[in-house]
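K.L.:
Sharing a structure here in structure tokens format.
The values are calculated or read from the model by the stated rules, or taken from the named source; none is laboratory data. This one's a predicted model, so the numbers in the text were calculated from it and none came from an experiment. Every residue, glycine among them, receives a Cβ derived from its backbone with ideal geometry; neighbour counts consider all protein chains shown.
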Amino acid sequence: MSTIVFPQEMRSAGIDGEGLPSVRFSPMKKDLNFGFDAVQLYLPSGLQFTDSANYAGLELGTISAAKNVINQVSSGNTNEIISRDETLVAGLKVLDKLGADQNTVAATAFSRGVAFNPQTALAFESMNLRSFTFSFTLVPERAEDSERIHVIESYFRKYMYPELEGFVSKYPPIFRIQFFDGGSDTESVYMPMIYDAYLANLDVVINPEGNSFHKTDWGYAPTSTQMTLTFQEGRMLSRQDLYKDVSGKNVTQNYARPEGPRLDVSPAGEGGEG
């Protein structure tokens with residue numbers, strides 16, 4: 001794998017020249033041709049990872065009320081419907097669900113000094129699709145760095161957009177996002193595993209600190225470029241997607257990233273550093 005790196009010294013910097021922690025973005029389509037296959041940048045500060053689930057309130061009391069009334073009617077104990085408080089409230093709730101006048105229902109309950117207990121419980125619905133934001137401030141130290149920054153910015157913008165074929169929009173490439181320790185190609189166990197994701201937002205600010213430029217062979221380049229990338233995972237995940245051991249104590253992450261719909265995943269293996 002041929003990878004463009006910024007800053008260029010990142011893989012040989014740090015204590016004993018072991019390199020600094022980094023993050024690599026690799027599009028999973030095999031037919032892209034940009035002169036390199038991935039972008040590897042320094043690990044920005046303040047990364048935030050949010051996992052969230054959807055739960056909805058389920059009124060178990062309504063179900064119990066309906067069963068109560070049905071049982072009383074089917075057994076012929078219709079007098080119980082108005083004589084016992086529990087059965088009365090159950091009957092009123094069923095009438096309310098059937099569209100009976102709410103004022104009449106409320107007045108009847110008020111006259112007996114009783115109210116319906118909804119017995120609300122949380123019911124799991126789904127996991128939310130996760131999104132991740134990375135903010136980089138890219139400052140060149142030489143003209144070559146400015147050109148490299150421009151190429152990196154253009155790379156993300158180009159492959160964020162779809163291709164058009166007539167009235168058909170072809171999906172943009174999905175990216176594999178990996179965190180690495182130093183200059184190695186071993187994913188960091190201390191960082192959450194991100195499933196293959198689409199680039200959903202690209203925000204670029206030229207010279208956020210001031211309006212200054214310096215001359216290069218390509219023209220006048222900004223002295224600083226702030227680039228914010230927001231990725232959204234390609235599908236809803238399960239525990240099996242995230243971890244190798246689903247029910248045991250082992251918390252080893254599932255770096256295999258099992259395939260999902262519309263993914264064009266390259267052959268197994270991380271490739272070289274380029």
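K.L.:
Looking at this structure, is residue 51 among the acidic types (Asp, Glu), at pLDDT 70 or above and exposed (fewer than 13 other Cβ atoms within 10 Å of the Cβ)?
P.N.:
In short, yes.
K.L.:
Quick test for you: out of 40, 8, pick the one residue that is modelled with pLDDT of 80 or more, surrounded by fewer than 15 Cβ atoms within 10 Å (Cβ to Cβ) and at negative phi.
P.N.:
8
K.L.:
Confirm whether residue 90 is among the hydrophobic types (A, V, I, L, M, F, W, C), modelled with pLDDT of 70 or more and assigned to a helix (DSSP H, G or I).
P.N.:
no
K.L.:
Okay, next question. Right, residue 194: in contact with an Asp or Glu (Cβ under 6 Å, 6 or more places away or on another chain) and either modelled with pLDDT of 95 or more or closer than 21 Å to residue 233 by Cα (or both) or not?
P.N.:
Considered against the rule, which asks whether it is in contact with an Asp or Glu (Cβ under 6 Å, 6 or more places away or on another chain) and either modelled with pLDDT of 95 or more or closer than 21 Å to residue 233 by Cα (or both), residue 194 comes out as no.
K.L.:
Ok, one more. Consider residue 132 carefully, then state whether it is buried (at least 16 other Cβ atoms within 10 Å of the Cβ), modelled with pLDDT of 75 or more and part of a strand (DSSP E or B).
P.N.:
Spelling it out, residue 132 is indeed buried (at least 16 other Cβ atoms within 10 Å of the Cβ), modelled with pLDDT of 75 or more and part of a strand (DSSP E or B).
K.L.:
Going residue by residue through segment 168-184, is there one that turns out to be farther than 22 Å from residue 36 by Cα and out of contact with any helix residue (DSSP H, G or I) (no Cβ under 9 Å at 6 or more places or on another chain)?
P.N.:
yes
K.L.:
Among strands (runs of 3 or more DSSP E) lying entirely in segment 140-253, which contain 2 or more residues that are surrounded by 12 or more Cβ atoms within 10 Å (Cβ to Cβ) and free of Cβ contacts under 8 Å to residues at least 24 places away in the same chain?
P.N.:
Strands (runs of 3 or more DSSP E) meeting the threshold: 197-206.
K.L.:
Additional query: Taking the stated definitions as given, is residue 2 at pLDDT below 75, on the phi < 0 side of the Ramachandran plot, out of contact with any Lys or Arg (no Cβ under 9 Å at 6 or more places or on another chain) and of a type in the set (Ser, Thr, Tyr)?
P.N.:
The answer is no for residue 2.
K.L.:
Another question, then. Looking at residue 254 and the list (1) touching a Phe, Trp or Tyr at 6+ places or on another chain (Cβ under 6 Å); (2) in the same structural domain as residue 157 (by TED's automatic domain parsing), which single condition is not satisfied?
P.N.:
Checking residue 254 against (1) touching a Phe, Trp or Tyr at 6+ places or on another chain (Cβ under 6 Å); (2) in the same structural domain as residue 157 (by TED's automatic domain parsing), the one that fails is (2).
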